[in-house]
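Remarks on the structure that follows.
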Amino acid sequence: MPPQSDQRRARARSSSPLRAHLCSRLTPPSARAPAGLGHAFTAHPRPDVARGRMVGWSWASKASMDGIAAEIWEWDQQSGEALHRTPVELKAAIAPHDFALTDDWYIFAHNAMELELAGFVSGRKGPVDCLVTTGGEVLLQLVGRPDGAAAGEQHLVHTGDPYFNIHHATAFDDSAAADGDGARALRLFTAGWPRVGKGPFLGDWGGDVPSYDDGKIAATRLFESTITLRRDGAHTVEKVAVAGGACIDHPHVDPRYDGTPSCRYVHMSLCNTPGESGSPPIGYLRYDLREGESVRWWAPHGTFCEELVVIPKEGGGGGDDEADAWLAGMMYDSTRGRSCLGIFDAAALEDGPVCRLWLKTPVPHGLHGCFSPELAHEF
């Protein structure tokens, strides 16, 4: 993004009523912090393009550390008006990093983690040093959306699986996967680690520099979880690694299809195809949810690839997801000592970038970007 003056930046920010509203409501006044422990807002709000909404949630830890007091918010994207507010207690000691959204559900995946509160409050340890994984199962919590078919419902689904969720690509209601007798099914696609034991969070990243040899750092894989809700409460979840078990990270979908059964393609960073160990991303991968096929692009030797941003093409998105989008990703060329922004056609990822916008200097490793059409139209 080219540099802007403060005046132009302020004007661009104020061009969206929702952006201004969110900036003033990141900690909604009704989200009271129990016992003064403080409150926060999710780092991953999600757009519901079909309804014209932005969805996010505020949260505060309970003093007992046995739950999270949260409120899920839905705003109108044009006016910024808060349309729905759903109070909920999340059944976790640590707030989840991400969440997923379908037409009917909010989905939270709770990793088995605890916070060593004494070390954190006293300042003897940093936040990450105070986080520990317990080796327990992931718990899935489903909360019905206020104007969906599951309004007023809540369900907890025990996975019996000590894996670890990081970022959710998408989720959607899937009636075809239901097995009858009033059962309902959802599919959830998540980047995560296959198994996490008891110990310090990110403990395998210790040392002066990370060691990627011999699987010392767990590979991040794309998981497909089929969640079945049954009337008798005997809910089940089946999880499998997809995309060939490749080591990936930061999966994203076209926001026009996020949360809907029309979603077909997941775009992500690619580290290695054996999926044996975590390693730096050196390419990109597109996974076809419908056909189960993967398309890859490997960067030139010495080039490292950052997280992708999916940018819908103007005029597209009329029906099913046909990869009618641009993909933008920062890349660092270590042979040149420079960074560039690579632009890909999502439908032809394997052909490589259609252009590279070179910067004068290298850009440090980063993550999580977004695209704003309001800003783009100013230039």
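Need the C-alpha centroid separation for segment 279-293 versus segment 54-126, integer Å.
So the separation of the two Cα centres works out to 29 Å.
Would any residue of segment 185-204 have its amide N under 19 Å from a label point 7 Å out along Cα→Cβ of ALA118? List them or say none.
199-201
Mind sorting CYS305, CYS247, CYS355 by how few other Cβ atoms lie within 10 Å of their own Cβ, fewest first?
Starting with the residue having the fewest Cβ neighbours, the order is CYS355, CYS305, CYS247.
Pull out a ≥ b ≥ c, the square roots of the eigenvalues of the alpha-carbon gyration tensor of segment 30-122, then state rounded if a/c is under 1.5, prolate if not and a/b is larger than b/c, and oblate in the remaining case.
prolate
Please go through the residue pairs LYS125/LYS239; LYS62/LYS239; LYS125/LYS198 and name each one whose alpha carbons sit more than 25 Å apart in this structure.
Over 25 Å Cα-Cα: LYS125/LYS239; LYS62/LYS239.
How high is the FRET efficiency between GLU322 and HIS44 when r is their beta carbon distance and R₀ equals 22 Å, given to the nearest 0.05?
Once the sixth-power term is evaluated, E becomes 0.30.
What distance in nm separates the simple spin-label points at GLU137 and ASP76, each placed 7 Å from Cα in the Cβ direction?
My value for the distance between the label points is 4.3 nm.
How would you order 174-186, 47-59 from highest to lowest mean count of nearby Cβ atoms within 10 Å?
Listed from highest to lowest mean packing, they are 47-59, 174-186.
For segment 137-149, take each phi angle, set θ = phi - 60°, evaluate the Karplus expression 6.51 cos²θ - 1.76 cosθ + 1.60, and give the result in whole Hz per residue in order, putting x for glycine and proline.
6, 7, 10, 9, 10, 10, 10, x, 6, x, 10, x, 5
Please rank ARG124, ARG85, fewest neighbouring Cβ atoms within 10 Å first, as an exposure proxy.
ARG124, ARG85
Which ordering of MET330, MET113 is given by a fewest-first count of other beta-carbon atoms within 10 Å?
Fewest-to-most ranking of MET330, MET113: MET113, MET330.
What ratio of Cα Rg to 2.2 N^0.38 Å holds for segment 91-376?
Dividing the Cα Rg of segment 91-376 by 2.2 N^0.38 Å gives 1.05.
If each of ASP351 and ALA151 carries a label point 7 Å out from its Cα toward its Cβ, how far apart are those two points in nm?
Rounded to a tenth, the inter-label distance reads 4.7 nm.
Treating only the Cβ of Lys, Arg, Asp and Glu as charged (+1, +1, -1, -1), what charge dipole size does segment 87-210 show about its Cα centre? Round to the nearest 20 debye.
That gives a dipole near 400 debye.
Read the figures in this text as sums done on the coordinates, not as results from a lab. Everything numeric in this text was worked out from a predicted model, so none of it was measured. As a convention, Cβ positions derive from the backbone with ideal geometry for all residues, glycine included, and neighbour counts pool all protein chains shown.
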